[in-house]
Amino acid sequence: MTTSYEQEYPSPEGKTMTKRILLTAALFLTTASTSAFAENFKGTVSDAMCGAKHVNASKEDMDCAKKCVLGGEKAVLIVGDKTYKIDNQDAVKDHIGHKVNVTGTLTGDTIHIDKVTM
Ligand SMILES: [Cu+2]
């Protein structure tokens, strides 16, 4: 009576759940080991079209950068001679053209911003 013998053991649902917990733990470990630490960046928020042209953050620069971003350009962060893309554009929408201190996580050439201060 193979059928009744199997029924005394944990149901298939039980096994699936254990697998799911293990999978979740594996995913968590992977995420934890690959995610970078938050870093500080000191730079100028500009737009993707003008880029480093607005690095001085003069009134003209701010006006132009704002116009460009409102016109659909993506905001970028200029740090030294590097231009970083910004993952969460909303974080800098009030700082277009400003010199800022940014705390965020860099992945490739894109920063996900946690905090912006002036
Ligand atoms: Cu511009």
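The numbers here are math on the coordinates, done by the rules we state, and not lab data. The structure presented is a predicted model; accordingly, all values stated were derived computationally and were not measured.
Taken one residue at a time, the phi angles of region 62-69 give Karplus couplings (6.51, -1.76, 1.60, θ = phi - 60°) of 4, 4, 5, 4, 4, 4, 4, 5 Hz. Gly and Pro are set to x.
Put simply, the amide H of Asp114, placed in the peptide plane, has neighbours under 5 Å in Thr103, Gly104, Thr105, leaving out anything fewer than 5 places away on its chain. Taking 0.36 nm per residue of separation and subtracting the current Cα-Cα distance, fully stretching the chain between His112 and Met49 would add 20.7 nm.
Evaluating 6.51 cos²θ - 1.76 cosθ + 1.60 at θ = phi - 60° for every residue in region 82-96, the Karplus couplings come out as 9, 10, 9, 6, 10, 5, 9, 3, 4, 4, 10, 4, 9, 10, 4 Hz, glycine and proline recorded as x. Across region 47-57, rounded Karplus estimates of 3J(HN,Hα) from the backbone phi angles (6.51 cos²θ - 1.76 cosθ + 1.60, θ = phi - 60°) give 10, 4, 6, 8, x, 5, 4, 9, 5, 7, 6 Hz, Gly and Pro being marked x.
Taking amide H as placed 1.01 Å from N in the peptide plane, the amide H of Cys50 sits under 5 Å from none that are at least 5 places away or on another chain.
Within region 70-118, the proportion of C-alpha pairs whose separation exceeds 12 Å stands at 60%.
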